[in-house]
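Some notes on the structure that comes next.
The values are calculated or read from the model by the stated rules, or taken from the named source; none is laboratory data. Bear in mind the structure is a predicted one, so any value in this text is a computation, not a measurement. A quick note on method: Cβ atoms are made from the backbone with ideal geometry, for glycine too, and the neighbour counts reach across all protein chains shown. Surface areas here come from the heavy atoms of the whole protein model, side chains and all, with no ligands, DNA or RNA. Shrake-Rupley method; radii C 1.70, N 1.55, O 1.52, S 1.80 Å.
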Amino acid sequence: QVQFVESGGGLVQPGGSLRLSCAASRSIFSITVMGWYRQAPGKQRELVASDTRRDSPSYADSVKGRFTISRDNAKNTVYLQMNSLKPEDTAVYYCNANPPWNNYWGQGTQVTVSS
């Protein structure tokens, strides 16, 4: 079992930046692929970034060039650096394995991009 606790969200103006953190309750070293997901109101949850232990990270086209995923296995933490934020990035952000472990979603962290 594992618990994912997301933090770092908030209200930011368009063009601003946020850094999200996802702390896992146990080692994530054995999790080959970790992902950040988001769910906007009225929409399905979507994968926005994946970090693997071996290959280059991958990103949804909508965030490519603006978001950066990274992990610190020693701290059991995954990060999402979000730059040049847009109103359409407004959502609740979650981390999980990729593919996700459906019984282990955390509470997520709300990101609101608005002037």
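Before moving on, here are some points about what is shown:
- Applying the criterion of being within 20 Å of residue 88 (Cα to Cα) and among the hydrophobic types (A, V, I, L, M, F, W, C) to the residues of the range 18-35, the residue that is least open to solvent (accessible area, probe 1.4 Å) is 20.
- From the list 15, 42, the lone residue that is part of a loop (DSSP other than H, G, I, E, B), in contact (Cβ under 8 Å) with a residue 40 or more places away in the chain, open to solvent by 50 Å² or more (accessible area, probe 1.4 Å) and more than 24 Å from residue 2 (Cβ to Cβ) is 15.
- Candidate set: the range 45-57, residues that are part of a strand (DSSP E or B) and modelled with pLDDT of 95 or more; chosen: the one farthest from residue 89 (Cα to Cα): 50
- Among (1) more than 13 Å from residue 19 (Cβ to Cβ); (2) touching a Pro at 6+ places or on another chain (Cβ under 8 Å); (3) open to solvent by 60 Å² or more (accessible area, probe 1.4 Å); (4) not charged (D, E, K, R) - the single one residue 68 does not satisfy: (1)
- Single residue of the range 78-115 satisfying the filter (hydrophobic (A, V, I, L, M, F, W, C) and outside any strand (DSSP E or B)) that is surrounded by the fewest Cβ atoms within 10 Å (Cβ to Cβ): 101
- Among (1) at pLDDT 95 or above; (2) open to solvent by less than 60 Å² (accessible area, probe 1.4 Å), the one test that residue 2 misses: (1)
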